[in-house]
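These notes are about the structure you will find just below.
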Amino acid sequence: MPTILFQGRIITIDTPENADKAIRALYKEPLIGIDTETRPTFRKGTHHNVSLLQLSTADTCFLFRLNRIGLPKSVISLLEDKNITKVGLSLHDDYHALVKRQKFTAGSFLDLQKYVTDFGIEEMSLQKIFAIIFGRRISKSQQLTNWDADVLTDRQKLYAATDAWACLTIYNHLETLKKQK
């Protein structure tokens, strides 16, 4: 299958001030794709905090470097907002990783793993769900890279943005199909 990558703008957020600006832009959206990345652990008993929070619209993905800025109040406010739906995959895991950094109460979240079952999709990985729906492949080659690195590579940024964008794209496509019924 041909590989698909996010084609929009990718903005890396590494200061609380830039986080506030990004959140103001995201408040204009009714739906946002969401994902997180954590530095992989290769030793038993070793755990790392979530490093990166990706929040994506259809054309812009913001990469919040949580390992540098923590969870600013503006980001928490968006995560707690009940009027903006955050669409992701395996959100239970992402939520618990984020809460370890800073306690908050989840607002409106929609987990694709539950949502796609109404469409007869039994696969649970983002890569497989995307392939079933669009016949395109999402590369996972950057998944086990160091998300705490001083500088994220362009490939890491593109991988991270693609995952959050793909969640939003899947949901929007399935909602369109549902309305066409």
GNM on the chain, C-alpha springs below 10 Å: top fluctuator among SER125, SER90, SER56?
-> SER125
Point-charge dipole on Cβ atoms (K/R +1, D/E -1) for the chain, about Cα centre, debye to 20 | 100
Residues LYS179, LYS73, sorted so that the one with the fewest Cβ neighbours within 10 Å comes first = LYS179, LYS73
Between the DSSP loop rule and a limit of at most 16 other Cβ atoms within 10 Å, which trypsin sites (Lys or Arg not before Pro) in the stretch 20-71 are left?
-> LYS28, ARG43, LYS44
In the chain the DSSP beta bridges are antiparallel at a rate, in percent to nearest 5, of 50
List the DSSP H helices in the chain whose Cα atoms stretch 27 Å or more along the helix axis and whose mean Kyte-Doolittle hydropathy is at least 1.0.
-> none
In a GNM of the chain with a 10 Å cut-off on Cα contacts, which of ILE132, ILE23, ILE84 has the highest mean-square fluctuation?
-> ILE132
What Rg and what Dmax come out for the stretch 9-174 when only alpha-carbon atoms are used, in angstroms?
-> 15.0, 43
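Coordinate-derived values only; no laboratory data. Note that the structure is predicted; figures quoted are calculated from it, not measured. Because the Cβ atoms are built from the backbone with ideal geometry, glycine has one as well, and the counts that use them run over all protein chains shown.
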